[in-house]
Each structure stands twice: as structure tokens, then as C-alpha cells.
Amino acid sequence: RARVSADLPRIRGDARYIRQILLNLVSNAVKFTPAGGRVTVCVWREEGGGIVLSVADTGIGVPQQMQARVFEPFFQVQSDHARQYQGTGLGLSLVKGLTELHGGRVEIEARRRRGTIFRVRLPAYRNVTP
């Protein structure tokens, strides 16, 4: 599903990097959401003019004690011998780095076995039109 606010301004940024941020978040959401689950992408303008890109899923979630580490390069929530999912552990690290290059920040909200929400917040000064 997608929900995109109608009043979004154009933003200043590297289109390839913004696309990569979205691709990495959506890929993770799809990978960690079982069949019959849901992935929702939302984009809206915050009060104050900042832009929020949110990717939410109904997947496996991330345990609270591991949420701070998911942005570390090569970090995997599952141990090597128990892994069910393929990947290098670089996707979220790249999301964080590319978001910060745009002056933004990325946040995680998750509950184990109930899903995850990633929010990328880009500052208002990135807007072409206020």
C-alpha cells in the first residue's frame, strides 16, 4: 500500500540516494513480512515543513534490545546459524548514511512478531517550495 500526501513539495537532494533509501526500506519490509502480511509506504509533510517517508510492515519485528544496532554495518538480527533470511546487513546502514547526507535522521519503531516502522525525516530546508 502507498499513501502519499497531496501537498508534498519538491525536495533538494540526490534522486539516486532517495530512491536507494526507499528501495532498501521496502526490500527489508517485504523480506521480513510473511505471506499475507502488509507493507505500507507513506510520505507526508510535517508541521514545520519537514518531509517524512515511512515504511511500515506487519513482519517479524526487531527485538527492543537490538533496535539501536540495526543501523550498524553488517549487523544481522538473527545469528549466523539461525538465519532464515539472506542479506549482507548493509541495507539499513546505507539508509542511515544516505539520510544523514541529506541532513535527516532515520528512526525505528518495532515490536517483535508485530512489525516494524522505519521513518526517514528530511529537514524543511530540503524543500524547493516552502
Given Cβ charges of +1 for Lys and Arg and -1 for Asp and Glu, the option among GLN20, VAL4, GLN76 whose Cα lies farthest towards the positive end of the dipole of the chain is VAL4
For the chain, dividing by residue count, accessible area per residue (probe 1.4 Å) in Å² works out to 62
A student applying the Cα gyration tensor rule (rounded when a/c is under 1.5; otherwise prolate if a/b is larger than b/c, oblate if not) would label the chain prolate
The distance between the Cα centres of segment 12-64 and segment 92-127, in whole Å, is 8
With R₀ set to 35 angstrom, the calculated FRET efficiency between the beta-carbons of ALA124 and LEU22, to the nearest 0.05, is 0.95
Packing-ranked peptide list from 101-108, 13-20, highest mean Cβ count within 10 angstrom first, is 101-108, 13-20
Dividing the helical contributions, -39500 (n - 2.57) per DSSP H run of n ≥ 4, by the residues of the chain yields a 222 nm value, nearest 500 deg cm²/dmol, of -7000 deg cm²/dmol
The percentage of the accessible area of the chain (probe 1.4 Å, all protein chains present) made up of carbon and sulfur atoms, to the nearest whole number, is 53
Taking 0.36 nm per residue of separation between ARG105 and ARG38 and subtracting their Cα-Cα distance, the length gained on full extension comes to 21.7 nm
Answer in debye to the nearest 20: the dipole magnitude of the chain about its Cα centre, from +1 Lys/Arg and -1 Asp/Glu charges placed on Cβ, is 260
With the 8 Å Cα cutoff and a minimum separation of six or more residues, the chain has a relative contact order in percent of 32
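The values are calculated or read from the model by the stated rules, or taken from the named source; none is laboratory data. Note that the structure is a prediction, hence the values are computed from the model and not measured. Glycine gets a Cβ as well: all are built from the backbone with ideal geometry, and neighbour counts include every protein chain shown. Just so you know, the surface numbers come from the protein's heavy atoms only, side chains and all, with ligands and any DNA or RNA stripped out. Shrake-Rupley method; radii C 1.70, N 1.55, O 1.52, S 1.80 Å.
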